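Here the structure is laid out as structure tokens; the discussion comes afterwards.
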Amino acid sequence: VVKKWNRYFPLKQAVSLARFINRNRIDIIHVHHSYDLLLCGLAKSFSKRKVKLVHTRQMEIPFSKHDPYHRWLYHRLDLMLVITQKLKDDSTRFVPIPSERIKLQYYGIEQSTGIKDCDALEKWDGSLKVGIVSRIDYSKGQLQVVKAARILKDRGTPIAVFLYGYPMPGDYLDEVRQTISHDGLEDTVHIMGFHDNPRAVMGCFDVVIQPSKGETFGLVLIEAMREGTAVIGTNAGGIPEIIDHGKNGYLFDFENIEQLAEILQHVYEHPDERKKIALAGKEKADREFDEKAHFASLEDHFRAISNGSR
């Protein structure tokens, strides 16, 4: 409907969108990117229909939005869906919208297909196989795991770490490689590159780590849990809402490499506990982060605002 528009002053495009809404009898506009809110807010104002505006907030809110512009903008929202309780709490404080219009809506993903691509990892059977699946960037914490692997290697604990993902611009990948080389970890830490079906390898690991410095949610953890793999994550952002430490996964502080090393050592020395943790994680992910349940809840939210309630 709107192919190109100026995100700072989309007046003409908003009129076109309002005409499309009227012509096609649109009832709800669902906005994912916050930079689309102005366009859709204006279109709602111009439309002859009482169209409802829903915004799913997926990123952290870095500052208060109680200035006149954001007050006008967020006043047009009928519903704001947020993906973590922490984000809901932040939204209640920072966003000029009544708290009853802010609803928690966790992500949902598909159940496991059972497909596994473990051939590349078979050489390391007997070692603690650790996977990291994310873009290779400082904020994602791969280097923290490399340093923890060094501690375990020095202890004589067999460990194999596999880094899957594409590198972000910058020198971080080079720093990771230099650390691997400097610490003699060439046979311990393996940079695997991009995988077009990462969930197929997640089920091959003994544990999947999301060592992020900050993470709004932690989708990788959900994917690994639904594949039946034990998980470790940082005590940051929305990750503690996914992992109940010691029950369905483990948490550590981003800067505390020794803490991560101790968790990995514990996971290696207690395989039966690891399996119980993995099973509990899968049960939680299947129950609370299922794709079908997610869309059913989303439909309920849409029906509620369509019927005039929130």
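The values are calculated or read from the model by the stated rules, or taken from the named source; none is laboratory data. Since this is a predicted model, take the numbers as computed values, not measurements. When we count neighbours, we look across all protein chains shown, and the Cβ atoms used for this are built from the backbone with ideal geometry, even at glycine. Quick note on the areas: whole protein, heavy atoms, side chains included, nothing else; ligands and nucleic acids left out. Shrake-Rupley method; radii C 1.70, N 1.55, O 1.52, S 1.80 Å.
Checking the conditions here, which among 103, 44 is assigned to a helix (DSSP H, G or I), open to solvent by 20 Å² or more (accessible area, probe 1.4 Å), touching a strand residue (DSSP E or B) at 6+ places or on another chain (Cβ under 6 Å) and modelled with pLDDT of 95 or more? Please lay out each step first, then the result.
Numbers: 103 fails: assigned to a helix (DSSP H, G or I).
None of the other options fit; the residue is 44.
Just checking, does the range 11-22 include any residue being open to solvent by 40 Å² or more (accessible area, probe 1.4 Å), modelled with pLDDT under 95 and outside any helix (DSSP H, G or I)?
No.
Of all the residues that make up the range 53-89, how many are charged (D, E, K, R), within 23 Å of residue 29 (Cβ to Cβ) and under 14 Å from the mean Cα position of the chain (by Cα)?
Adding up the residues that qualify gives 1.
So the check is Cβ under 7 Å with 6+ separation or different chains; which pairs have a first residue in the range 190-205 that's within 13 Å of residue 112 (Cβ to Cβ) and a second one that's among the acidic types (Asp, Glu) and outside any loop (DSSP other than H, G, I, E, B)?
Final answer for the pair search is 199/223; 202/223.
Could you list all residues from the range 145-161 that are open to solvent by 40 Å² or more (accessible area, probe 1.4 Å) and aliphatic (A, V, I, L, M)? Walk me through how you get there before you give the answer.
Initial filter on the range 145-161 (open to solvent by 40 Å² or more (accessible area, probe 1.4 Å)): 147, 150-151, 153-156, 158.
Passing the criteria: only 151.
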